[in-house]
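Asks: One structure follows; several queries about it will come next.
The values are calculated or read from the model by the stated rules, or taken from the named source; none is laboratory data. Bear in mind the structure is a predicted one, so any value in this text is a computation, not a measurement. Cβ sites come from the backbone with ideal geometry, for glycine too, and all protein chains shown count toward neighbours. The accessibility values were calculated without ligands, DNA or RNA, using every heavy atom of the protein model including side chains. Shrake-Rupley method; radii C 1.70, N 1.55, O 1.52, S 1.80 Å.
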Amino acid sequence: MPFLEDIPQPENGYYVLVTGANSGLGLGIGARLIDEFLQTRPQSESLVLIVTTRDQRKGDATIEKLQGHVKKACHKAERSVPGISVVLQRRVYLRQERLDLLSLISVQKLCKRLCETTPKLDAVICNAGIGGWTSLNWGKAVWTVLTRCKQALTYPTFKVSGKGWLVDRQIPKREGELDGEPVLGQVFCANFFGHYILGHYLAPLLARHTDSEHTRGRLIWTSSLEAYEHTLDLDDIQAITSDQPYEASKRLTDLMGITSTLPSTAPLVNRYLVVAKPDSNTATPRIYVAHPGICGTSIFALPLVLEYAMFFVFYVARWLGSQWHPVTVDKGATAMVWLALAEQSTLDGMEEREGVGKWGSATDLWGNERVERTEVEGWGWGGKMGEVKRKGRSPFAKDLTVEAGGRFEADGKRAWEMLEGMRVEWEERLERAGFAMV
């Protein structure tokens, strides 16, 4: 397979960046991207898959796993079409990069390198993140699973989170310096703010699509089923004092991702997705929100026996009728990969008919995967009144009202104002310290 030491730039390349790709859902996204690209895209197109990990060892291991996946996919295709494997292998290029989302300097370094070496980006899948959980409330877990099994395994309320976790200092302190840095919440930075900065710096690459291509670069934010409205307090937007920082970060993802298309946030979003000189050779990128359903990953570390038990109860939930239990990471990757590869006209047409929404990976009883809209508290499935109720509603969900929709939009605008202010403040702070993104 043409994995080169130099940086691949094939003609007619389709460039996708996936963060946190070394294991779990990120690795599943990478593998599924390869499969679906080879199956659905013309032979004239090549996939350039850029994976980020925190160190070289993990990066090398990720490339090795994905190379093995390509070989397996080609071997399978060879049985049906002799000789096709040579063609398919030439259509996949793998590239690894370093990224630590808890370090804004690391984010800057990666973006600068990509802007200098990459002709464009077609999609950025913001997958990496942390749970921030420390343990389970076992009594509550056992009770809720026994009394409300499907609900408890889809919308769990028994995870215990760390509180007040902060990121290490971003800029080395200089002798005699009195000015202290603003604090950054660890879960907030890993799950949202690091990706937020990443998306801003990569917007010019995502914008490099001509009018004739009829597409846009896509910034895909990974959310969760656990993005409950009550977990996010905008007065503590980083959820530093919250006992549910993970859930709050995912609610913020939903809130800002969905409201990014509204007129009220347009000035802020346009500043965030800045394009230096808009013309026929550029198109403003789009932000999409997706979630993987419930998958077995290492985001919550468990002993081996409990890990097997986790997979078993996930399958039980599916058999009890939950559509949100893909269970395996390859099926959990369905929504993100679909958003990355779907025709722009398909996405635009669905949003025109049903409104902007949150896309989720779902399966039927037998594990056949599909993409489903997901209800968002205060927004519904598409922000429209009188929507037909769908399967898979959250127990916290309420029917959309004018008041709730107005509050959602107002909260979204306020969140955009706060995050843009935070982004600019950190950019200025880093620039003064000699870490400008030039």
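Asks: Consider L47 carefully, then state whether it is assigned to a strand (DSSP E or B), open to solvent by less than 30 Å² (accessible area, probe 1.4 Å), within 22 Å of E369 (Cβ to Cβ) and of a type in the set (A, V, I, L, M, F, W, C).
Replies: It is true that L47 is assigned to a strand (DSSP E or B), open to solvent by less than 30 Å² (accessible area, probe 1.4 Å), within 22 Å of E369 (Cβ to Cβ) and of a type in the set (A, V, I, L, M, F, W, C).
Asks: I'd like the residue in segment 302-338 that is assigned to a loop (DSSP other than H, G, I, E, B) and of a type in the set (S, T, N, Q) and, out of all such residues, is surrounded by the fewest Cβ atoms within 10 Å (Cβ to Cβ).
Replies: T328
Asks: Another question, if that's okay. Does any residue of segment 89-99 turn out to be within 23 Å of G296 (Cα to Cα) and among the hydroxyl-bearing types (S, T, Y)?
Replies: No: segment 89-99 contains no residue that is within 23 Å of G296 (Cα to Cα) and among the hydroxyl-bearing types (S, T, Y).
Asks: Within segment 241-267, track down each residue that is of a type outside the set (S, T, N, Q), open to solvent by 30 Å² or more (accessible area, probe 1.4 Å) and assigned to a helix (DSSP H, G or I).
Replies: Of everything in segment 241-267, those that are of a type outside the set (S, T, N, Q), open to solvent by 30 Å² or more (accessible area, probe 1.4 Å) and assigned to a helix (DSSP H, G or I) turn out to be P263, A266, P267.
Asks: Residues I171, I197: which one is open to solvent by less than 20 Å² (accessible area, probe 1.4 Å) and more than 27 Å from L25 (Cβ to Cβ)?
Replies: Criteria check complete, one pass: I171.
Asks: In a strand (DSSP E or B) and either without any contact (Cβ under 8 Å) to a residue 40 or more places away in the chain or under 24 Å from the mean Cα position of the chain (by Cα) (or both): does that describe V16?
Replies: Yes.
Asks: Could you list, ordered by first residue, the pairs with Cβ atoms under 6 Å in which the first is in segment 45-63 and free of Cβ contacts under 8 Å to residues at least 40 places away in the same chain and the second is not acidic (D, E), at least 6 apart or interchain?
Replies: K58/N22; G59/T53; G59/Q96
Asks: Another question, then. Within segment 339-348, how many residues turn out to be surrounded by fewer than 23 Cβ atoms within 10 Å (Cβ to Cβ), of a type outside the set (V, I, T) and assigned to a helix (DSSP H, G or I)?
Replies: The number of residues fulfilling the criteria is 6.
Asks: From V92, V70, V86, grab the single residue that is farther than 24 Å from N22 by Cβ and among the β-branched types (V, I, T).
Replies: Residue meeting the stated conditions: V86.
Asks: On to the next question. How many residues are surrounded by fewer than 16 Cβ atoms within 10 Å (Cβ to Cβ), in contact with a helix residue (DSSP H, G or I) (Cβ under 9 Å, 6 or more places away or on another chain) and in a loop (DSSP other than H, G, I, E, B) when one looks only at segment 54-71?
Replies: Looking only at that region, the number is 0.
Asks: Could you check how many residues of segment 72-118 are within 20 Å of N191 (Cβ to Cβ), not in a helix (DSSP H, G or I) and not aliphatic (A, V, I, L, M)?
Replies: The total comes to 4.
Asks: Next question. If I ask for residues that are among the hydroxyl-bearing types (S, T, Y) and without any contact (Cβ under 8 Å) to a residue 12 or more places away in the chain, which ones from segment 186-240 would you list?
Replies: S212
Asks: One residue is enough: does segment 408-425 have a residue meeting the conditions among the charged types (D, E, K, R) and either free of Cβ contacts under 8 Å to residues at least 40 places away in the same chain or in contact with a Cys (Cβ under 9 Å, 6 or more places away or on another chain) (or both)?
Replies: Looking for residues that are among the charged types (D, E, K, R) and either free of Cβ contacts under 8 Å to residues at least 40 places away in the same chain or in contact with a Cys (Cβ under 9 Å, 6 or more places away or on another chain) (or both), one finds none in segment 408-425, hence no.
Asks: Filter segment 386-408 down to the residues that are closer than 30 Å to L153 by Cα and in a helix (DSSP H, G or I) and list them by number.
Replies: A404, G405, R407, F408 - these are the residues of segment 386-408 that are closer than 30 Å to L153 by Cα and in a helix (DSSP H, G or I).
Asks: Could you list, in sequence order, all residues of segment 34-44 that are open to solvent by less than 50 Å² (accessible area, probe 1.4 Å) and either among the small types (G, A, S) or in contact (Cβ under 8 Å) with a residue 60 or more places away in the chain (or both)?
Replies: E36, F37, R41
Asks: Looking at segment 309-317, can you tell me whether even one residue there is under 20 Å from T222 (Cα atoms), in contact with a helix residue (DSSP H, G or I) (Cβ under 9 Å, 6 or more places away or on another chain) and aromatic (F, W, Y)?
Replies: no
Asks: Is one or more of the residues making up segment 114-134 among the polar types (S, T, N, Q) and within 30 Å of F396 (Cα to Cα)?
Replies: Among the residues of segment 114-134, at least one is among the polar types (S, T, N, Q) and within 30 Å of F396 (Cα to Cα), which makes the answer yes.
Asks: Suppose we keep only residues that are under 30 Å from E181 (Cβ atoms), out of contact with any Leu (no Cβ under 8 Å at 6 or more places or on another chain) and among the acidic types (D, E) within segment 386-438. Which one would you say is surrounded by the most Cβ atoms within 10 Å (Cβ to Cβ)?
Replies: Across segment 386-438, the extreme among qualifying residues is E427.
Asks: Looking only at segment 349-385, which residues are over 24 Å from L232 (Cα atoms), part of a loop (DSSP other than H, G, I, E, B) and open to solvent by less than 40 Å² (accessible area, probe 1.4 Å)?
Replies: The answer is G367, and nothing else.
Asks: Of all residues in segment 119-155, which are open to solvent by 50 Å² or more (accessible area, probe 1.4 Å) and of a type outside the set (S, T, N, Q)?
Replies: Residues satisfying the conditions are P119, I130, W138, G139, K140, V142, W143, L146, R148, K150.
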